[in-house]
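Visitor: Handing you a structure now.
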């Protein structure tokens, strides 16, 4: 029962963050600070609840301390460097669109 509540809080916090602040240089909503605090509270509740829930173990690495934190960080670092590598391959010149002469009908 408690895991469902934690999941619902996390989803509500994430949706609220994306809806109100995605792409904005500064939060412009009148309750922006309150919404950020609620989002942070949802994250804290999720982390604290995860400490007390006995998760079923399926693999040997599930028993290692902080395995998923290290795994997530390694995946994050891999994605950053993979994106930098792709940028070298896919990057266009600054005046790429100016060079093309597109004739509209």
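Visitor: Working carefully through the options 59, 67, find the one that is exposed (fewer than 10 other Cβ atoms within 10 Å of the Cβ), over 17 Å from the mean Cα position of the chain (by Cα), modelled with pLDDT of 80 or more and within 30 Å of residue 4 (Cα to Cα).
Guide: Every option except 59 fails the conditions.
Visitor: Same structure, new question: Within region 30-50, is there a residue that is in a loop (DSSP other than H, G, I, E, B) and without any contact (Cβ under 8 Å) to a residue 40 or more places away in the chain?
Guide: yes
The values are calculated or read from the model by the stated rules, or taken from the named source; none is laboratory data. This structure is a prediction, so every number in the text was calculated from the model and none was measured. Positions of Cβ are generated from backbone atoms using ideal geometry, with glycine treated the same way; all protein chains shown enter the neighbour counts.
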